[in-house]
1. Gly195 passes all but one of (1) more than 28 Å from Gly273 (Cα to Cα); (2) touching a strand residue (DSSP E or B) at 6+ places or on another chain (Cβ under 9 Å); (3) in a loop (DSSP other than H, G, I, E, B); which number fails?
2. Test of understanding: among Cys174, Cys144, which residue is within 18 Å of Ala418 (Cα to Cα) and touching a residue at least 24 places away in the same chain (Cβ under 8 Å)?
3. Looking at the range 280-389, what helices (runs of 4 or more DSSP H) fall wholly within it and have at least 2 residues that are over 19 Å from the mean Cα position of the chain (by Cα)?
4. Looking only at the range 364-389, filter to residues that are within 21 Å of Leu351 (Cβ to Cβ) and small (Gly, Ala, Ser); which one of those is nearest to the ligand (Cβ to nearest atom)?
5. Under 6 Å between Cβ atoms, which residue pairs at least 6 apart in sequence (or on different chains) link something in the range 299-326 that is without any contact (Cβ under 8 Å) to a residue 12 or more places away in the chain and more than 25 Å from Asp419 (Cβ to Cβ) with a partner that is aliphatic (A, V, I, L, M) and within 13 Å of the ligand (Cβ to nearest atom)?
6. Cβ-Cβ below 8 Å, separation at least six or inter-chain, first residue in the range 100-114 and over 24 Å from Glu62 (Cβ atoms), second surrounded by 15 or more Cβ atoms within 10 Å (Cβ to Cβ) and among the aromatic types (Phe, Trp, Tyr): which pairs?
7. Given (1) out of contact with any strand residue (DSSP E or B) (no Cβ under 7 Å at 6 or more places or on another chain); (2) surrounded by fewer than 24 Cβ atoms within 10 Å (Cβ to Cβ), where does Ala388 come up short, assuming only one miss?
8. How many residues are under 14 Å from Phe176 (Cβ atoms), of a type outside the set (S, T, N, Q) and in contact (Cβ under 8 Å) with a residue 40 or more places away in the chain when one looks only at the range 252-294?
Amino acid sequence: MDEDTKSTKKPQFPAHPLLCSLKPPSVGALFMDPKPPSPTPHVLIFPCPAQGHVNSMLKLTELLLTGGLHITFFISAKDHHRLTRYTTAHSHFNTNPGFRFHVIHGLYEGPMDTGEKLTIILDSLSKVTTPLLRNMLLDSPVACLIADGILGFTLDAAEGTGVPVFFFRTISACAFWAYFCIPDLITSGDLPFHGTDLDKQIVGVKGMEGFLRLRDLPSFCRSDVNDEMLQRIASITRRTQDSHALILNTFDELEGPILSEIRKYCPNIYTIGPLHAHLKSRSTSKSTSSNNLFEEDKTCIGWLDQQAPKSVLYVSFGSITTITREQLIEFWHGLVNSGKRFLWVIREDLLLDHGDDNKVPSELKDVTRERGYIVGWAPQEDVLAHPAVGGFLTHNGWNSTLESIVEGVPMVSWPFFADQQTNSRYVDVVWKLGLDMKDTCDRTIIVRMIKEVMDVKNEEFTKSTHRMAKLAKECVSKDGSSYSNLDRLIEDIKTMNVRSPL
Ligand code: UDP
């Protein structure tokens, strides 16, 4: 496949060679385009190369395309290859003449399930793309850059170019706010964390007094205060104040009080989520694409079709989480002992130690054949929308959390890292959409929580999950809060002064 993944249709915006590919421009290309700039605003979108980030920023892209903007989407070679292989994203996006992928080579491509590995990917991104990005911003009539808010170096790359940088954070407002408050927690002495009492109450995060414990802070807060990832995420989050505006995949009715706190520091916020529901609400196209970087096993939908309404627990820990074999067995016992039917996503790289499969007791495998179904990757949005699904055992990645909220599915939360620790606390005590099981992996607790969510307290949970699902759907319908905010974002981009290339 050609790296410049444009369709055969001629783009309607000026094509700086760097916007097309990293290949050196041909002589023809250098002399090709003396036309005046197109009046259609051209936006660069730059996600961190990870499933949850690429997924939500592609959804943002589609929404901006429906508003008539032109988009160049930065994507790592690895993610581009996976999207092309496992989805129809390529043909789906390329039907729009105002869209192109810009493929980035030479990045670190290993796993990112720890803070250390995340710092490696961030360093690699900064090194490879800063000069490239700067040249683009200087040489092309770009209306604005919408960068993943954890890519702080994009602000440096844009410095002095006159191109506004919007930060898009793929996390919840509550997790963003917890990150934002880290410097204050260090000043107040709440961090670094000494001792073993993870239940200690934290009062330094405004709006979360009374229910936030140390264990609910983003996982990086459990490290030494000099830990590189902790320092980096805290300072990048503070740098949001230097960006033009902040775009969040959330909605006012879900996170209003915390959004008010954030607005005191970052007044220009666009809350336009849940993006996947927003896209469905606006889309007029019959063509859709999953944006998945893993191969979906759609046979699980056929299996769900045979199950009774609300009888199945869906189990998935997203794209990054890793677990030990011991934890796998504990979950497996919990699922089997709960007596529930279950659909379980076991990614090929979920397990940290690829030991002997014979260690899985045969009775677990037998029961799984009777009442369970295991896939390597599921079409999750369709699964959560399926009438047979009555509960979700989740790591509370933000996309998964929003997808569950929109479908009104109650959750049992087992956060793995980063923002997920804060999300799961909100799911439990603030939104009352499920139970937080963080920091334990014990079969008896797993059984108890599954039964509470799907049986014992199901009526209670159904009330709150249905209420929130209704609010989520309303906010992305015409005149809803997220709907109006997206209109405002598109209008604001359209009225931006695009300066001529320097
Ligand atoms: N997902 C999926 N199938 C799976 C597991 C996950 O389609 O089997 C999707 C899910 O719908 C979500 C994304 O992958 O949109 C995971 O993002 P999230 O923010 O929940 O977690 P992360 O992978 O970043 O930890």
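Since every read-out is calculated from the coordinates, none of them should be taken as a lab result. On a predicted model such as this, the values are computed, not experimentally measured, just so you know. So basically every Cβ, Gly included, is an ideal-geometry build from the backbone, and we count neighbours across all protein chains shown.
1. With respect to (1) more than 28 Å from Gly273 (Cα to Cα); (2) touching a strand residue (DSSP E or B) at 6+ places or on another chain (Cβ under 9 Å); (3) in a loop (DSSP other than H, G, I, E, B), Gly195 is out only on (2).
2. Values: Cys144 fails: within 18 Å of Ala418 (Cα to Cα).
Cys174 is the lone residue from the list that is within 18 Å of Ala418 (Cα to Cα) and touching a residue at least 24 places away in the same chain (Cβ under 8 Å).
3. So the answer is 299-305, 325-338, 362-371.
4. Ala378
5. Listed pairs, sorted by first residue: none to list.
6. These pairs meet every condition: Asp113/Phe416; Asp113/Phe417; Thr114/Phe417.
7. Here Ala388 meets the rest and fails (1).
8. Qualifying residue count for the region: 10.
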